[in-house]
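*Asks:* Below you'll find the structure I mean.
The values are calculated or read from the model by the stated rules, or taken from the named source; none is laboratory data. Source: prediction; values computed, not measured. Positions of Cβ are generated from backbone atoms using ideal geometry, with glycine treated the same way; all protein chains shown enter the neighbour counts. Keep in mind that these areas ignore ligands, DNA and RNA; they rest on the heavy atoms of the full protein, side chains included. Shrake-Rupley method; radii C 1.70, N 1.55, O 1.52, S 1.80 Å.
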Amino acid sequence: MNTGETTDNRPLASATGEEAGDSAEMEPLRWMHWVRRALPLAFLALVAVLALHELRGLDIHAVRQALQALSLPQLLIVQLIAVTGVFAMTVYDWHAARALDIRLPLPTLMRNAWIANTFNNMIGLSGLAGSGIRMLLLTSERIDAGRAAAYSGLIMASVPVGLAVLCWPLLLAGAPGMNQLPIPAWTVWVALGGFAAYLPVYFFALTKGMFSRVLSGLPPQSGWSLLRLITFSTLDWLLAAAAAWVATELSGAAIPWPQFLSGFVLASALGILSLIPGGLGVFDTALVVLLAPFAGGPEQVVSGVLLYRLCYYLVPWFIGVYVGADKLVLSEHWQRLALARQWRDHRMLALLRLPLNLLASLGVRVLAYLTFGGGVVLLISAAFPTLADRLEVLILHVPLAAIEVSHLLSVATGVLLIALSRGIAEQVRGAYHVTVALLVGGALLSLLKGIDYEEAAILTAVALLLRMQRRRFYRQSYPLLSPRSLAWLTAMLASVVGFAWLGDWVHGEIPLGWKYLSHFEPALEAPRFARGLLVAASVAVAFIGWSFFQRPKAAPAKPDTQELAEVDAVLNQYGGGRFAHLVFLGDKFLRWSPDRKAFVQYAPIRDRLVALGDPCGDPAAYSAAIIAFREYADRHDLTPCFYEVSEAQIPRYHDAGFALFKLGETALVKLADFTITGKRGEALRHSVNRARRGGVSFDLLEQPLPPALNLMPDYGSHAELSIDLMRHHPDAPAGTMDYLFVELLEYARRQGYLYFNLGISPLGGVGKTRYARPSEKLARLAFEFGNRFYNYKGLRSFKEKFHPEWRSTYLAYPILTPLPMLLVDTAALIAGGYRRIFLKAGKR
């Protein structure tokens, strides 16, 4: 984006801290941030190694047969126990509401509890998910943030205490079964000891009011109140263990209750400590390894664990999604702003909660994850042989060709669902329509290819959930090359690779010759999988190609001659800012206010739209132009920002939900007071005289000027004048620049202008006070110590000679947007590319 200014040849500040403004204050401590990222990855790596080592002889066909052998009454028994266990967790919310005098209607309290508990089971993060969701739900019910934080914190602290109670007998008994785990014994002792120690810590801290330092709204709790909570929590964990025990019993693993409970407690402790959502993988692997010796093999235990996950986690979560989809979406930006401001001053939330952007759109993201999961279900199903009894029924009523085509189409549907889930996450209308059609089609294909009514039910349920939230899908496109989009494409390719690996594991080594692929018989499952694998790879490649070349995206047109004539008329009638004339370069796009009396000029880079300066045109239409620009960016899931906005327009950006980062200060010389006489103008006077002695003269060329010359006019008024491109010969006499500016200032004064704009001093005046935002304090360090790369202080010193008035200049950007990379992107746009940023720095 050409700003037209080379008076200071400036780079953009590239602060490298947390987000500015409210978003900076809401970030967790850095060390906790890294722990929460590194610990789950370490646990996942460990679990992957252990699972490959311990379960390498697992018969996956036996696991599938154990699941298929379950009768409907048996499934209903497990589901009833699981639902009872999840519903019983409402007691936490009931007790917390009583303790803090939060009065909610019982149906509302039960609904909120179900949503928070089911999402917490799935997402986990040691209770952080449930805490954040409760905060969101309570603040939406107009409960003040302090009491909502205390309510959520009390429940988060109380849920694990029941597990601590159950750890004590296990610890005192010497942790039986510990030697079954292929991990060092000390890690088990640390896990059990840590949880067991939590019981006295919990009791002491809450009775003494120690949590009040973090949760100002939480008073000290009585001993009897805490004993009730400890009892509730212990029963909650026993109900969860009972659901898992019944699931394994019905799957064929006859494990005595004491041994099962010991394994469940230890596996749960490890799962929670991992910080992996739902303890997924850690809890499951540990439980299978601990209980397999009692069951005569791991297959029945794996079957029971899968059934437990389905009944205790997935089905209740589906209900939670149904009940809470509307409650977990803050569709309006002002809602997110209000919530951010409510949460800002609470230390527990600053340290522990989920990112507000994620939490505020969790309902829609869940639909995206469900869509992704629906595609994965179709691929997993296609990797396994069709059940023999169902295949026998199917071939009696459906032609073989229809079965084969249905199998291939189900694979293609699975890959497309995984690919389109990205569009669902970004609320793209087109992706919604195609996804619903694919889900319904996938359900029908599941029946045609193998009477897989379980899959059909799952896909139909996801389609219904999407249909219920259809009004949420309003966007037209999303950026392809954003980090999130690239991660989603990577996940799609990983799913195809996983499909190939799973099929190879199930069917053995599969040749891909034509003769092998062309075998069409009902019992030949391996060739059917091989054909499906080719379809999966082809569809994935085709989707990537379509994404790059045919996918809908923001495609505005640059202004033509007619639109530029309209711009000229608007500027001459209403005026424009210091950058208004740059619109006639034709290298930027325009976004008009609805009445076409004001416009924003901008240029794209990556997934950003960077506007140059304030809107131009009728000041009464500025706010409408800002909103129109923001809404256009939102329809395409792009990040809008305004580069170099003035102090006078700050309220407009504030009302539109933008945060502000101070870029520096602009030097405005008041022409009525400017002089080079007397002591104040002594330095300039000497420079001017020295330049004149060197033979320098001043000429002002008349209009029309060639494109290379142009003073920057202030359309519609004589408020200020500045310069556009400025060049000087390296052999010019000393004092030439001072002489040029003095002559321009005198010219501007003769023409009746009030101010002369010397341009911005980058980072000048930024982060000077102890109360400045963290990002601006870091920028101050660049100003103080970064002169090796850019002459920040020298440029400001040069402009100080003219005794200007310094006015702050800002970058306006959406609140909660990470600032550092936004600054880098904007700098690259101005410099003409990312490489030029570093090339300029290297030349200095």
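*Asks:* Given H placed 1.01 Å from N in the peptide plane, which residues other than close sequence neighbours of GLU720 have an amide H under 5 Å from its amide H?
*Replies:* ASP714, LEU754, TYR755
*Asks:* Further question on the same structure: Which net charge results for the neighbourhood of PHE674, defined as the other residues with beta-carbon distances under 9 angstrom from its beta-carbon, given Lys and Arg at +1 and Asp and Glu at -1?
*Replies:* Spelling it out: positives minus negatives among the neighbours equals 0.
*Asks:* Roughly speaking, to the nearest percent, how much of region 525-637's 1.4 Å accessible area is carbon and sulfur?
*Replies:* 58 percent
*Asks:* In Å and whole numbers, how far do the C-alpha atoms of region 254-310 stretch along each principal axis, longest first?
*Replies:* 31, 21, 15
*Asks:* Restricting to DSSP loop positions (anything but H, G, I, E, B) with no more than 13 other Cβ atoms inside 10 Å of their own Cβ, which GluC sites (Glu not before Pro) remain in region 606-709? Could the numbers behind the result be given before it?
*Replies:* Values: sites: GLU631, GLU644, GLU647, GLU665, GLU682, GLU702; in loops: GLU702.
Sites meeting the loop and neighbour criteria: GLU702.
*Asks:* Radius of gyration and Dmax for region 86-145's Cα atoms, expressed in Å?
*Replies:* 10.8, 29
*Asks:* Next up: With a bin width of 5 angstrom, please list the P(r) values of region 515-657 as percents of all Cα-Cα pairs, from the 0 bin to the one holding the largest distance.
*Replies:* The calculated distribution, bin by bin, is 2, 9, 15, 17, 13, 8, 5, 4, 4, 4, 4, 4, 4, 3, 2, 0.
*Asks:* Another one. Provide the three semi-axes, in whole Å and in decreasing order, of the ellipsoid equivalent to region 462-507 as defined by the square roots of 5 times the Cα gyration tensor eigenvalues.
*Replies:* Semi-axes, largest first: 30, 19, 5 Å.
*Asks:* I would also like to ask the following. Leaving ligands, DNA and RNA out of it, work out the accessible area of HIS61 with a 1.4 Å probe and give it in Å² to the nearest 10.
*Replies:* About 70 Å², ignoring ligands and nucleic acids.
*Asks:* Right, another one. For the pairs LYS662/LYS799; LYS679/LYS799; LYS553/LYS662; LYS670/LYS801; LYS768/LYS793; LYS558/LYS597, note any where the Cα-Cα span goes beyond 22 Å.
*Replies:* Beyond 22 Å between Cα atoms: LYS553/LYS662.
*Asks:* Quote to one decimal, in nm, the extra length available between LEU700 and MET468 on full extension: 0.36 nm per residue of separation minus the C-alpha distance between them. Walk me through the numbers before you get to the answer.
*Replies:* Values: separation 232, 0.36 × 232 = 83.52 nm, distance 6.76 nm.
Here the answer is 76.8 nm.
*Asks:* Assuming a viscosity of 1.306 mPa s and a temperature of 10 °C, what translational diffusion coefficient in µm² per second does Stokes-Einstein assign to region 60-163, Rh being the Kirkwood radius over Cα pairs? Working shown, then result.
*Replies:* Working: Rh = 15.1 Å.
It diffuses with D of about 105 µm²/s by this estimate.
*Asks:* Also, I was wondering about something else. Could you work out how far apart the two model spin labels at PHE549 and THR561 are, taking each label as a point 7 Å from the Cα in the direction of the beta carbon, and quote it in nm?
*Replies:* Label at PHE549, label at THR561, 3.5 nm between them.
*Asks:* To continue, here is another question. Considering only protein heavy atoms, what is the solvent-accessible area of PHE674 at a probe of 1.4 Å, reported in Å² to the nearest 10?
*Replies:* Estimated to the nearest 10 Å², PHE674 gives 10 Å².
*Asks:* Once neighbouring chains are kept in place and the probe is 1.4 Å, which whole percent of the accessible area of region 94-154 is contributed by carbon and sulfur?
*Replies:* Of the solvent-accessible surface of region 94-154, carbon and sulfur hold 54 percent.
*Asks:* Once you list every other residue whose beta carbon is under 11 Å from the beta carbon of ASP825, what net charge do they have if Lys and Arg are +1 and Asp and Glu are -1?
*Replies:* +1
*Asks:* Something else about it: Using a cut-off of under 18 Å, list every residue of region 592-622 whose amide N is near the label point 7 Å from the Cα of ARG635 along the Cα-to-beta-carbon line.
*Replies:* Answer for region 592-622: 592-604, 608-611.
*Asks:* Describe numerically, in nm with one decimal, the distance between label points set 7 Å from Cα along Cα→Cβ at VAL541 and at HIS61.
*Replies:* Simple spin-label model gives 3.2 nm for this pair.
*Asks:* Over the residues of region 638-696, compute the C-alpha Rg and express it relative to 2.2 N^0.38 Å.
*Replies:* 1.91
*Asks:* Across region 662-678, in residue order, what do the Karplus-derived ³J(HN,Hα) couplings come to in whole Hz, using 6.51 cos²θ - 1.76 cosθ + 1.60 with θ = phi - 60° and x for Gly and Pro?
*Replies:* With coefficients 6.51, -1.76 and 1.60, one gets 6, 7, x, 10, 8, 8, 10, 8, 6, 5, 5, 9, 6, 7, 10, 8, x Hz.
*Asks:* A further question on this structure: Could you run the Karplus curve 6.51 cos²θ - 1.76 cosθ + 1.60 with θ = phi - 60° over region 220-227 and give me ³J(HN,Hα) per residue in whole Hz, x for Gly and Pro?
*Replies:* Result, rounded to whole Hz: x, 9, 6, x, 5, 4, 5, 4.
*Asks:* Return the FRET efficiency for the residue pair MET737, SER646: r is the Cβ-Cβ distance, R0 is 22 Å, and the value is rounded to the nearest 0.05. Provide the component values of the computation, followed by the final result.
*Replies:* On the way: r = 26 Å, r/R0 = 1.16.
The calculated FRET efficiency here is 0.30.
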